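Shown next, in structure tokens, is the structure this report addresses.
The values are calculated or read from the model by the stated rules, or taken from the named source; none is laboratory data. Nothing here was measured: the structure is a model prediction, and the numbers come from that model. Every residue, glycine as well, gets a Cβ built from its backbone with ideal geometry; the counts of neighbours run over all protein chains shown.
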Amino acid sequence: MIFGIDYGSKLAGTTAIAYVDNGKIKVQQSAKKQDADSWISEQITLRNASLIAIDAPLSLPSVYKGSPSSDYFYRACDTALKAMSPMFLGGLTARAIRLKDSIDIPCIEVYPKALVVELFSSLEAYKKSTPTVEQIGLLSQYLPHPIEEQVFNWHQFDAVLAWLSGYRYTIGQAKPVGDPKEGQIYV
């Protein structure tokens, strides 16, 4: 079972997951003041996840591993995709790496915005307002399963995109970006 995770702040209620249940993509979101990390761990165990596709940095720039580099902020994958620095994301990066290290299943880093660009060239109004029926319809064209319920916000939309990146990874369609020794993002 693939888990797509839009990883948010620990207690803000902004973490969302997507997975397939009974042939449909189901989306859930953590509650405000709920420990998102514990909730994710419970869901992984409860649903017997076999692959985690997470929208959060899972490594640091290679300079912190003793590799010769002059970039203390960005990994090659971040630069190539114009993603945020794992260093800027600080605590979220540390939490994501800890999650990856605490589970005994494969965990890949994904970047929903890059998948939007890959699939749609650009998605008009991506993250500008609440996801529209048209935007969800465009995304649904690429999904091998229907979405079970309405996607209410961009956290949930990005969880579905993260799931789709994980699905593409399992069928050999996801493109790795970056240096495998430093960390890669799958699009």
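Some notes on this structure:
- Search result, residues across the range 15-45 that are hydroxyl-bearing (Ser, Thr, Tyr), closer than 16 Å to Ala56 by Cα and not in a loop (DSSP other than H, G, I, E, B): Ser41
- Residue match in the range 4-14 (condition: over 28 Å from Lys181 (Cα atoms) and assigned to a strand (DSSP E or B)): no
- Scanning the range 29-46 for residues that are touching a strand residue (DSSP E or B) at 6+ places or on another chain (Cβ under 8 Å) and under 15 Å from Cys107 (Cβ atoms) returns Ile40, Gln43, Ile44.
- Selection from the range 140-187 of residues that are surrounded by 20 or more Cβ atoms within 10 Å (Cβ to Cβ) and hydroxyl-bearing (Ser, Thr, Tyr): Ser165, Tyr167, Tyr169, Tyr186
- Scanning the range 24-59 for residues that are among the β-branched types (Val, Ile, Thr) and surrounded by 20 or more Cβ atoms within 10 Å (Cβ to Cβ) returns Ile25, Val27, Ile40, Ile44, Ile52, Ile54.
- When residues of the range 12-26 are limited to those that are among the polar types (S, T, N, Q) and within 13 Å of Trp39 (Cβ to Cβ), the one nearest to the chain's Cα centre (by Cα): Thr15
- Unique residue being in contact (Cβ under 8 Å) with a residue 40 or more places away in the chain, of a type in the set (D, E, K, R) and out of contact with any helix residue (DSSP H, G or I) (no Cβ under 8 Å at 6 or more places or on another chain) when the list is Glu148, Glu182, Glu134: Glu148
- Of the numbered criteria (1) on the phi > 0 side of the Ramachandran plot; (2) of a type in the set (Ser, Thr, Tyr); (3) buried (at least 20 other Cβ atoms within 10 Å of the Cβ), the one Ser121 fails is (3).
- Only listed residue being over 18 Å from the mean Cα position of the chain (by Cα) and of a type in the set (Gly, Ala, Ser), chosen from Ser30, Ser70, Ser38: Ser70
- Residue selected from the range 24-53 under the condition touching a Lys or Arg at 6+ places or on another chain (Cβ under 8 Å) and among the aliphatic types (A, V, I, L, M), by the criterion nearest to Thr170 (Cα to Cα): Ile52
- Of residues in the range 60-76 being in a loop (DSSP other than H, G, I, E, B) and in contact (Cβ under 8 Å) with a residue 60 or more places away in the chain, the one surrounded by the most Cβ atoms within 10 Å (Cβ to Cβ): Arg75
- The number of residues in the range 101-126 that are more than 16 Å from Leu164 (Cβ to Cβ), part of a loop (DSSP other than H, G, I, E, B) and at pLDDT 85 or above comes to 4.
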